[in-house]
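Reading through the structure tokens given below for one structure.
Any read-out appearing in this document is the output of simple, stated calculations on the displayed coordinates, not a laboratory observation. Note that the coordinates shown come from a computational prediction; the quantities given were computed from them, not determined experimentally. Don't worry about glycine lacking a Cβ; one is built from the backbone with ideal geometry, like all the others, and counts go over all protein chains shown.
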Amino acid sequence: MDDKPALALRGVTKTYPGVVALQNVSLDIHKGKVHAIAGENGAGKSTMMKLISGAIEPDSGSILVDGIEYNALNPKLSKELGIEVVYQEFNLIPSLSVAENLFLGEYPGGSFMPDFACMKRKAQEIFDLLEVKIAPTDKVGDLSTSYCQLVEIAKALTKKLKVLILDEPTASLTVSETEVLFKLIEKLKNQGTTILYVSHRMSEIFNICDYVTIFRDGQMVSTHNTCDIEVNELIKLMVGREVSDTYPRRRHQLGDLVLKVEGLCGLGVEDISFDLHKGEILGFAGLVGAGRTETVRMLFGADRYTEGRIILNGKDLNIRRPEDACDAGIGFVPEDRKTQGVAQGMSIRSNISMAILKLVSRYGVINKKKESQILEKYKDALRIKTPSFDQLVKNLSGGNQQKVVLSKWLAKDCRILIVDEPTRGIDVGAKQEIYEILNKLAERGVAIIMVSSEMPELIGMSDRILVLSEGHTAGILEKDEFDQETILKLSSLEFVSKGA
């Protein structure tokens, strides 16, 4: 190993009002290695990435790149040094094409004017490398979350890479897409690229990373060779306590039929039908583009369905907008929390309270005491890390933002809760807490629809699994039929559209 690290931090500290985000952190990242950064939400991982990318400056300490010391980096300098960051939250322009997003501001050949033919050709070369079917001419605003993630990764590959930082890169990818990404990481590593890999998924850390550094409460705990540490030891170092890695069991019988969906069509989804019972967790499985998110968005009124029936407790519902779903007792935790789940410029208090204004107010006046009691309840239950409920949501880590979204609907006490990728970007300790919360809701009789790309999560949490493929129902599996191979086979079934 080269004794001179490709990237290093020396005594770096960064504080925000009421929060020490990083405290005296020193760390070496060596060339041509995959180095994992692990820790709970709020541990300091995102702050470290922003310092390296030049998005923020440290209060003290320095950053070394190829042995050269800098008191701070800025975005332009960071890119000139060959550092690229693929954030979990996307930085794409929805109104532009995929190719335009890939080369925005840095056109191929150093031209000041875009050569669209060249951009399309080079974009296609990258997607061929990634083995994904994304057309360079596709509009980013029309892409699913998973495809947007792949576009972000592709954008980094257009640059001259020395250091690639990946923030939860597989959070919205399918199993096959994840395997392609891992092959790409191995290829980049062999070419001498240094990769900083931030992930909550233990299997990924041990499968592809050479080293892992643990952060907790803004401090660096320790660094280990991944061959020299066990999963349970790593988790304990991350959370500072023992955490079981099993899914909590429920010991209750499913109740009466609550929701019946018949022949739902729209947004590329055709003839989706299923039943949902009181106290049930119904998992939604399928590959990217299978129609999982499209289906649940139509159930919540976020998108219109063109055909079909939604029947709640024996009565037809005409859900045309989210207000209709809320009035019927349906809550929705969306896949993309940043743009759909929270109001970034509002406080934690306002984000959670907006769903329960009728509960905490009278004659248009909010009962602050009652509101605070509810906020404290869910802050403690979900372990939201914040110095104050008045802190803006945009200043929270991604995982804590997700907890705010979930708190909003838990406070509303919905009869049906739809959760789309509920643990995306959530650390291992908080994941188990969310699983326990979902289980307790089910035991209280709440009917839950859970969309997830994580197979172990689906199998561990669901009572039944609805498998979608190409916008159609491919099958519904009972608990004793759960099997990863079966789910993947059903997910890969081909269908002929009615209009074909």
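To check my understanding: the extent here is largest minus smallest coordinate of the Cα atoms along each principal axis. What are those three numbers for the chain, in Å, largest first?
Result for the chain: principal-axis Cα extents of 69, 58, 46 Å.
Which angle from 0 to 90°, rounded to the nearest 10, does the C-alpha axis of helix 368-382 make with the longest principal axis of the chain?
Taking the Cα atoms of the chain, the angle to 368-382 is about 70 degrees.
Test of understanding: ordering MET49, MET354 by Cβ neighbours within 10 Å, fewest first, what list do you get?
MET354, MET49
Using θ = phi - 60° and the Karplus relation 6.51 cos²θ - 1.76 cosθ + 1.60, list the HN-Hα couplings for the range 438-446 in order, rounded to whole Hz, with x at every Gly or Pro.
Per residue, the Karplus-derived 3J(HN,Hα) values read 4, 5, 5, 4, 4, 5, 7, x, 5 Hz.
With θ taken as phi - 60° and the coefficients 6.51, -1.76 and 1.60, list the Karplus ³J(HN,Hα) couplings across the range 56-67 in order, rounded to whole Hz; mark glycine and proline as x.
9, 10, x, 6, 7, x, 8, 10, 10, 10, 6, x
If you count the DSSP beta bridges with both ends in the range 166-239, what percent of them are antiparallel, to the nearest 5?
In the range 166-239, DSSP labels about 75 percent of beta bridges as antiparallel.
How do LYS45, LYS76, LYS14, LYS4 line up, fewest other C-beta atoms within 10 Å first?
LYS76, LYS4, LYS14, LYS45
Using only helices, what value at 222 nm comes out for the chain when you add -39,500 (n - 2.57) per DSSP H run of length 4 or more and divide by the total residues, to the nearest 500 deg cm²/dmol?
Computed ellipticity for the chain at 222 nm equals -9500 deg cm²/dmol.
When only C-alpha pairs under 8 Å and at least 6 residues apart count, what is the relative contact order of the chain, in percent?
Result for the chain is 16 percent.
Tilt of helix 145-157 relative to the longest C-alpha principal axis of the chain, in degrees (0 to 90, nearest 10)?
10
Between SER62 and LYS315, what FRET efficiency follows from the Cβ-Cβ distance if R0 is 60 Å, with the result rounded to 0.05?
Efficiency at R0 = 60 Å is approximately 0.40.
Give the aspartates and glutamates reachable from LYS236 as a straight Cα distance under 16 Å; neighbours fewer than 8 places away on the same chain don't count.
GLU40, ASP217, ASP228, ASP245, ASP427, GLU433
When Rg is the radius of gyration of the Cα atoms in the range 394-500 and Rh is its Kirkwood radius, what does Rg/Rh come to? Don't skip to the end; give the middle numbers.
Working: Rg = 15.8 Å, Rh = 15.5 Å.
Here Rg/Rh amounts to 1.02.
Nearest 5 is fine: what % of DSSP beta bridges in the range 355-500 come out antiparallel, could you say?
Looking only at bridges with both residues in the range 355-500, the antiparallel portion is about 60 percent.
Suppose we keep just the DSSP beta bridges with both residues in the chain; what percent of those would be antiparallel, to 5?
55
Are any of the pairs LYS139/LYS187; LYS79/LYS160; LYS338/LYS377; LYS338/LYS358; LYS385/LYS412; LYS139/LYS159 more than 19 Å apart by Cα-Cα distance, and if so, which?
Beyond 19 Å between Cα atoms: LYS139/LYS187; LYS338/LYS377; LYS338/LYS358; LYS385/LYS412; LYS139/LYS159.
How would you rank LYS479, LYS31, going from fewest to most other Cβ atoms within 10 Å of each one's own Cβ?
So the residues, fewest neighbours to most, are LYS479, LYS31.
Against the longest principal axis of the chain, how steep is helix 116-130, in degrees 0 to 90 to the nearest 10, with axes from Cα atoms?
Between helix and principal axis, roughly 80 degrees.
Could you tell me how far the Cα centroid of the range 437-481 sits from the Cα centroid of the range 364-429, in Å?
Each part's Cα centre sits 23 Å from the other's.
In whole percent, what relative contact order does the range 1-133 give with Cα contacts below 8 Å and a gap of six or more residues?
On the way: 172 pairs, mean separation 25.8, N = 133.
So the answer I get is 19 percent.
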